[in-house]
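Only the coordinates and a few stated rules stand behind these numbers; no lab work does. It should be emphasised that the depicted structure is a prediction, and the values quoted were computed from it without experimental measurement. Counting neighbours? That spans all protein chains shown, and the Cβs are built from the backbone with ideal geometry, glycine included.
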Amino acid sequence: MAGLPRGPAASPGSLCSLCARSLVSDHGRARLELRRVPDSLLPLLLGAALRGDRPLVAGDLVRSWPFPVLDLAQVLAWGRAAGLAQPSAPCMQACISALTRRRGKRGAGGDDDEEEAMEEAEGPEGRGGPRSPCALRLLDLTGLPDEETETALRRTMNSWSRSVALAKAVLDVTAGGKHKREAVDGPGSPPRPPTRRRRVVLHANLLVNASSYETLLAALQSSGRAGSALGLRCRDLRVEELSLRRLCRLLEALEALEAREPALCKLDLGFNNMGVRGLAALLPRLARFPRLRSLSLAYSNVDVRRLAQGTPERGEEAFGRVAEALASLGALRELNLEASRLSDRVHQLLADIAPLESLGLAYCSLTPGDMTSLTASHHTESLRCLDISGSNLGQLIPGLCSLLGRTTARLQELSLIGCGLADHHIPALLAALPACQALQQLRAQNNPLSLQALLQLTTCLASLPGLQAFYYPVPLECYVSGLAANPLADQLLEHPVQLDSHARAHSDLSSVFVSLGKRDVLLSTTLYPTTIHAYGNVSLS
């Protein structure tokens, strides 16, 4: 992290870590002692305060942070052997609220001078004497988990709540500055030149839906104005169930910020029900985001069969504009089109797009022609992740094997969930997989496979040097009697499982990996795994 010292190596049981935890446990004592703590140890103290759920201490530290950058994820990792402890909701709120009254540059003539004088007047019973003025210029929250967790002792803040809290902080600072100027100059007075209070940028991943739209839009618009003390920058944006008009207004606000400093790297527009014509109107705007690397259009109500409805020429024209807009995104490397009915149109959509590293075509009604087009495309040389879950492998298995033969050098993740993968498909798959030496993860849940077929597949996967995870389907033998002879994915999902039988099957599959020296491969039937980079290797034992 730029501007942050390396500091001492501090394991959770080291003397530094123990002292840090002791100091932050008492807010009054911490305020008295903070002025004596070297700046290089403040990241360790903040990490201890966040992990120990000490919001008052965390707020004090952020308010007088002596470095230009504060990356909360990196601070949380300081003094921790492994893993990331997400801040509790009160700690997260304290860090954000601290930015609304941080200590500014001495003599700047702005709103911070009065607050700083009051803090100094508190003397040893208050802050214990002033530290150096706050040097913070960037608060980075992008590395924090988006999921909310809750236990009896701790509740964290999810992505939506964090987005709203950040937006309200920006608006509070904007409104507070305006009210203070009006109190001094009187209402209706001509505006003064902006004060020299230094700007802090909040770099975050944002989630916007109908209930938070107005707040986030106002905060983004405020961030683009000159003289704003707090500015919001978005790296990853997820938008849920907004109208096309609202989506366009939101992107307009982001465009103004992008002109100053490009930041948006990931955009998730899933579940917005725009259809082909809506996407044709919206996607051309994305060319104004030069760093956009990842785009999700999952469940956007795209169905090529409807192009002929109404005026066919307009439908085809709209689909062509969608393809052109995607081709204009020069930095795009990840594209998710899940649940878009694209039968025989994959080539038209992907032909001119920059080489993709991740492609999601789950439940896209793929045809053998689509697989042939994909195999012959320029994307095969760059693909690292491919998801064709929900496809009919009875028709696509030859094309899939040909595709695997073209992606052997790079393919790391392959998803075949609910594809109707049956025992008679396994020989073809066993012939293709050994060449995929870079494969790290195979997801094949909800397929009608016997234990014998799974043992063969497991043996094949165990020969791959980089394999980290195999998400396998429950073997057919493990279901309670009454399952259909050729069950569909939904039937497999709903039919009860014999837990004892499943446990024995899991042990048999685990033994294959262990016997071949693969003790650290994750073996699971869960349908909702986290990414490889999040969970790392998990021992079978």
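Values for this structure:
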| item | result |
| --- | --- |
| Long-range amide H partners of L449 with built H, under 5 Å | L476 |
| Residues with amide H under 5 Å from that of L267, placed H, sequence gap 5 or more | L237, S294, L295, S296 |
| Added length on full extension, which subtracts the Cα-Cα distance from 0.36 nm per residue, A485 to L18 | 162.0 nm |
| Most to least packed among 216-222, 262-268, 495-501 [average Cβ atoms within 10 Å] | 216-222, 262-268, 495-501 |
| Which of V201, V173 has the fewest Cβ neighbours within 10 Å, and the rest in rising order | V201, V173 |
| Which of W160, W65 has the fewest Cβ neighbours within 10 Å, and the rest in rising order | W160, W65 |
| In Hz, Karplus ³J(HN,Hα) per residue of region 323-329 (6.51, -1.76, 1.60; θ = phi - 60°; x = Gly, Pro) | 4, 5, 5, 5, 5, 7, 8 |
| Region 366-469: Rg to Rh, with Rh as the Kirkwood radius over Cα pairs | 0.93 |
| Linear extension gain, E313 paired with S161, 0.36 nm per residue minus alpha-carbon span | 50.3 nm |
| Rh (Kirkwood; distinct C-alpha pairs) - region 278-384, Å | 14.0 Å |
